[in-house]
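The values are calculated or read from the model by the stated rules, or taken from the named source; none is laboratory data. Here the structure is a predicted model, which is why all the values come from computation and not from measurement. For the accessible areas, the whole protein counts, side chains as well, though only heavy atoms, and no ligand, DNA or RNA atoms are used. Shrake-Rupley method; radii C 1.70, N 1.55, O 1.52, S 1.80 Å.
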Amino acid sequence: MSPVEKPELPEIEEHHHPDRNDDPAWLASIARLSTILNRTAAVVSAILLVAMTLLILLEICMRMFSTSTYMADVLVGFGVAAITFLAAPWALEEGAMIRVTALTDMLSGPVRWIVEAFALGSSAAIMWFLAIHQWKTVAKLFERGSVSEHLIPIPLWIPESFFFVGLVLLLLQMLVRALRLVLVGHAEERALTL
């Protein structure tokens with residue numbers, strides 16, 4: 001009986017076997033840490049999505065009996081923000097974000113490398129800027145003890161922290177890609193392209 005041959009799809013094979021790469025050992029360790037954190041954030045995001053769905057269904061059922069949770073809209077709003085920012089780093093790593101490659105597909109060699117480096121550097125700079133200011137916001141809300149003005153007062157630093165965590169994880173993923181670009185010569189971009 002002959003062994004079953006796998007289709008030759010190197011980008012898919014590499015995607016499902018991230019350990020097969022040419023990274024130095026220390027960079028591979030940082031990349032693994034980033035992957036673990038990104039997957040953890042994605043799992044939390046998925047759990048929040050299920051909780052929001054259950055809350056919406058509960059709210060629908062309660063309204064049939066002329067009552068309400070009086071908090072569903074607020075909690076779902078916080079949940080949508082949380083799942084968006086917690087899932088973004090995982091989406092970037094797994095190639096689920098759309099990337100327009102009209103310019104980079106026409107380039108090659110050092111020019112392409114420079115454009116890739118500029119894209120990573122400028123994106124990371126924006127994430128760094130946003131993370132610094134978001135950290136200040138979270139710290140200020142925590143120090144003041146600010147809470148939402150709803151039926152159940154929710155400390156406002158909690159939903160703001162989801163944004164901060166997502167930004168930090170995005171920044172870490174971009175750092176891994178930038179280091180890979182500088183040390184190995186490619187950023188191992190896995191993204192849906194247009």
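Quick notes on this one:
- Taking only the C-alpha atoms of the stretch 38-91, Rg followed by Dmax gives 12.9, 41 Å.
- Normalised per residue, the accessible area of the stretch 50-174 is 61 Å², obtained with a 1.4 Å probe and no contribution from ligands, DNA or RNA.
- Estimated at 0.36 nm per residue, the fully extended path between Leu57 and Ile158 surpasses their Cα-Cα distance by 34.0 nm.
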